[in-house]
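Every read-out reported here was derived from the displayed coordinates using simple, explicitly stated rules and does not represent laboratory data. As the structure is a computational prediction, the values presented were derived from the model and not from experiment. As a convention, Cβ positions derive from the backbone with ideal geometry for all residues, glycine included, and neighbour counts pool all protein chains shown.
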Amino acid sequence: MRDIVIFSGSSNPALTQRICKNLSLPQGKVLIQKFANGETSVQLETSVREKDIFILQSGAGNVNDHLIELLLMISACKMASAKRINVIMPLFFYSRQLDMPVVKNGDFIKKSSNLNKNININNNNEESSKPWIAQNGTLIANLLTSAGADHIITMDLHDSQYQGFFDIPVDNLYSKQLVQYYISNFIPNFKDSVIISPDAGGAKRAAAIADSMSLSFALVHKERRTKVNNLDLSMLVGDVENKPCVIVDDLVDTAGTLIKCAKLLQKNGATEIYAIVTHGLFSGDAMEKIQNSGLFTKVITSNTLDQSNRLQNKQFNVKSDILDVSRIFAEAIRRINNGESVSIIYNSEI
Amino acid sequence: MSTERGLSDRSMTNKEAKNNIKILAANSHPELANLICKKLNLPLSNIEAIKFENNESAIVVQDSVRDEDVYIIQTGCGGYDNLNDYLMELLLMIHACTQASARSITAVIPNFPYARQDRKDKSRVPISAKLIANLLTTAGCNHVITMDLHASQIQGFFSIPVDNLYAEPNVLKWIKDNYKNTDEVMMVSPDAGGAKRVASLADKLDTQFALIHKERAKANEVSRMVLVGDVKDKSCILVDDMADTCGTLCKASDILLAEGAKEVIAIVTHGIFSGNAIERLNKSSLKKIICTNSMPLGEHVSQCPILEILDISPTLAEAIRRLHNGESISYLFNYVAV
């Protein structure tokens, strides 16, 4: 490993430690502080001159704090004459570009004291234009590039179009191999199981896993007809009766979709329900909802985000497993540093 | 406008009419935005920043800003929990306006965030103010209006025009209104960095000025302070661009009183008041502290009886009006806007 320094942002230091251990490298020292007025300050303690820098920061928790912190770290490396700055974002910042229906239902909107606005959406008024939500993708890409990032490494990008927003290379790694490994080794009778996609958007990802493992596949279709608001119009496409089901998704946030999907599966006669999601955000009261639903045999997520306050919170009685992605990232770092192909990781068995 | 002739009439008037001012406000300081709107006699546009459960922000656009001049009011505030959130909101809102085909986008940032991290004072630290300047430009901002920048050199970090307004005319007016005899007044700078600002005020008031020299050990921590100048039997006015933890101001006040000053008041542009600043002010020997409403002060006013507020919204409103009409801004450097 030549001239390599790995820094960790404050979002997921545990993952950085694991990656460094896998690579037998010391972790770069950085002093991250926040002043009383809320401004973040960063000081690198390890020299970065003419080095190949990797900075790890995940887009969860206090997202905006972590993003500004990341931008400051990139800028600090740039100013200190780093050769190349690679940014590892296991979960991409602002990865989901949420759409208007979400605002209408108010599902995902935070109700905090300083944001107690009523969003009045009036479609009837002809004078005002149709309300819409601004899409953030290009902005986030441009901010990272303008701060000085040379290379982005991420995992299971929600929108694969995101790569096109950048003018710098973006390596999107997949957790597919890990998920397949888990299914075949830790799910009893996995040969009878059905892989489920909880929405149409994730169908491709779930189908790919089902195909390569020769398992059957089903998908839940959510209807978003705005006129009928309070009716649950989800429907299941495929047969799950008397079979164990494995829900596969890239991201779970408030867990609404996941629980709806599990309810539907139970109604259709599924024997056991597993949920495997790469990025377990579990925002708001997601964990409570999952625990109270009692639908899941097991919930599995990866350590792309710090799970100690999420899935592994002792307060909640949910059976869970954590997939370790550090080896994938470590191998990617090694290959990028050596100038080898990264795509080989996508196909190799772990 | 008559509605009889329909579309053709409309397109004609549009050609003749100039594009309009659209005032947008993110969540940091709605009161200031409302004051500016009132002054300009314009409604606040219905473009809002919301926050999702996963702490990501988003902008809901309900009004059209196509081909208009957009002014986004967002100050650098929010304290420990929200400062970076408000910064992101501003960037997202600028970006949303570019997507909505605004003709020009001006960020009105009375208190510029990260202004104190304006140089590489240690090895391997970022010049954060420069980064923020780059981020604003990257997001699509065409013009910045700010007030009493911590270091006016920050204007050079931008590749777009920056109008740095001054609270000085308002401060002068306040002093003239409150002290009929300016001979008894002594302007004091609490640190060497602010000497220029205070000297300019002293010149305009035709008074003397003193300065306090301080040796700083760590950020936000005050160490030894030495007074340069004679303040005996004078009403001392401490002037600074911002009051954060207020440690400097309180200590400076003690020193001035010990040197025989009659009374000490402090005038600052940006009242950040983080940590236990308000508690400290209440216990201090300061007779009064005056700050502008460039930051939301909320409960501070009721918690701190010695706090008095100068309204700078007319200055900002006038700057917006002048900028939109292509008039000179420098008038505002010497006169109080009404």
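Listed values, structure above:
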item: Summed residue charge, Cβ within 9 Å of B:ASP148's Cβ, Lys/Arg positive, Asp/Glu negative; result: -1
item: Antiparallel bridge percentage (DSSP; both residues within segment B:168-310; nearest 5); result: 20
item: Net charge contributed by nearby residues that have their C-beta within less than 15 Å of B:ILE105 (K/R +1, D/E -1); result: -3
item: Lys/Arg +1, Asp/Glu -1 at C-beta; chain B dipole; positive extreme among B:ILE21, B:HIS300, B:PHE209; result: B:PHE209
item: Average beta-carbon neighbours from other chains, 10 Å sphere, peptide A:138-145; result: 5
item: Calculated [θ] (222 nm, deg cm²/dmol) that DSSP helices of n ≥ 4 give over chain A, each run adding -39,500 (n - 2.57); result: -8500 deg cm²/dmol
item: Estimated [θ] at 222 nm from DSSP helical runs (n ≥ 4, -39500 (n - 2.57)) normalised by residues in chain B, nearest 500; result: -10000 deg cm²/dmol
item: Net charge over other residues, Cβ less than 12 angstrom from the Cβ of A:ASP3 (K, R count +1; D, E count -1); result: +3
item: Candidates per GluC sites (Glu not before Pro) in segment A:292-350, loop by DSSP, up to 13 other Cβ within 10 Å; result: A:GLU340, A:GLU349
item: Number of partner chain Cβ atoms within 10 Å, mean per residue of A:93-100; result: 3
item: DSSP-defined beta bridges in the protein assembly as shown - what % are antiparallel, rounded to 5; result: 20
item: Cα-Cα over 20 Å, subset of A:LYS289/A:LYS319; A:LYS78/B:LYS122; B:LYS204/B:LYS232; A:LYS176/A:LYS314; result: B:LYS204/B:LYS232; A:LYS176/A:LYS314
item: Listed residue (B:ASN46, B:GLY194, B:SER235) projecting farthest to the positive dipole end of chain B, Cβ model; result: B:GLY194
